[in-house]
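The values are calculated or read from the model by the stated rules, or taken from the named source; none is laboratory data. As the structure is a computational prediction, the values presented were derived from the model and not from experiment. A quick note on method: Cβ atoms are made from the backbone with ideal geometry, for glycine too, and the neighbour counts reach across all protein chains shown. Each accessible area value is taken on the protein alone, full model and side chains, heavy atoms only, with ligands, DNA and RNA left out. Shrake-Rupley method; radii C 1.70, N 1.55, O 1.52, S 1.80 Å.
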Amino acid sequence: MEPILLLSLIIIGLLAGVLGALFGIGGGIIIIPMLTIFYGMSAADAAAVSLIGIVATSVGGTLYYMENKVTNIRLGLLLEISTVIGSMIGVFLALALESWIIMLVFSAVLTLTAIKMLLNPSMDVTGTEDGEFSYNDLKTGETIRYDIEHKGIGFSSCVLAGIISSLTGVGGGLIKVPIMNMVMKVPMKAATATSSYMIGITAFSGSILYFLSGHVDLEMAAFVAIGTFLGAVIGSRLSRRFDSSSMKKYFSILVLAIAFVMVLQAGGIL
């Protein structure tokens, strides 16, 4: 592959890593459209490369979040049990379905999620004084305490997050962040940091199955991973500049924009 193409993969990964670590979404929403639109890859092959990039994003972002005590490791490990199960189901669905079906499903889920986040005021979780868990707000320096609600619903819902992760290659954070925030009442910053930790485990399980099925372009995956790791290091540090309200708004707008692009692609317009 020519050097200019390899450099472009690093740049794509860099942008994906920044957004992925900042919002806990892995960056697949950037990688997938770029690889399918500009590199002509199938949805399944692009998802395979994206998942490897997401593993690198998770490592780059989680190191900073864990060091500053933002990540809820206990919650992340609990939800990963059901997410990994869904991730394995998603791989087999991705290999069996047509690319346009995958993109339409992806777009529908993203649109519904974004609208729910924008319109649901209960998403403004601020924490409780005597909560069992806590995180450090990197912008204000405060320690915010909170409790986790509806653990059973959150646990079962993450099966869907795992399926979406492997089916589309986005890492599942687009589903897990709203689940943690709107259903389980986890403050937005803790939810995104915890998602950043979780997506690496989910993506790793899915990428192994893609690799065994021969769908991973190792050269492309390596250069995307370089970019996503560097981007995640930058993105996790940028998080201290945003408050929870701003992060929710920007997250929703980003999700809607990506859903629109994917609908156009599924219809053959892009």
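With the charge dipole of the stretch 75-225 set up from +1 on Lys and Arg Cβ and -1 on Asp and Glu Cβ about the Cα centre, the Cα lying farthest toward the positive end among the listed residues TYR210, SER107, VAL186 is that of SER107. Both radii are taken from the alpha-carbon atoms of the stretch 1-150; with Rh as the Kirkwood radius, Rg/Rh is 1.01. Computed extension length for PHE260-LEU7: 88.4 nm, one decimal, from 0.36 nm per residue of separation with the Cα-Cα distance subtracted.
Once the stretch 1-55 is represented by equal point scatterers at the alpha-carbon sites, with solvent omitted, what log10 I(q)/I(0) does the Debye formula produce at q = 0.26 Å⁻¹? Normalising to I(0) and taking log10 leaves -1.03. Using alpha carbons only, the radius of gyration of the chain set against its Kirkwood radius gives Rg/Rh = 0.96. Within the stretch 28-70, all pairs of alpha-carbon atoms sorted by distance into 10 Å bins from zero give the percentages 29, 38, 21, 11, 0.
Seen against the Cα atoms of the chain and their longest principal axis, helix 73-96 is set at about 20 degrees.
Multiplying the sequence separation of SER245 and GLU142 by 0.36 nm and subtracting their Cα-Cα distance, what value in nm do you get?
35.5 nm
What the Cα atoms of the stretch 91-245 give is an Rg and a Dmax of 17.1, 51 Å. Calculated over the stretch 173-243, the projected area of the Cα convex hull averaged across directions stands at 5.6 nm². Pairs of Lys residues in the chain that lie 8 or more places apart, or on two chains, and have C-alpha atoms under 21 angstrom apart add up to 26. Report the Cα centroid-to-centroid distance between the stretch 50-66 and the stretch 72-106 in angstrom, as an integer. Using only Cα atoms to place each centre, the spacing works out to 17 Å.
By the Kirkwood approach, averaging reciprocal distances over each pair of separate Cα atoms, the stretch 227-267 gets a hydrodynamic radius of 12.0 Å.
For VAL91, VAL59, give the ranking by accessible area with the largest first, probe 1.4 Å.
Order by accessible area, largest first: VAL59, VAL91.
Note on the stretch 211-270 and the stretch 24-44: Cα centroid distance 8 Å, given to the nearest whole angstrom.
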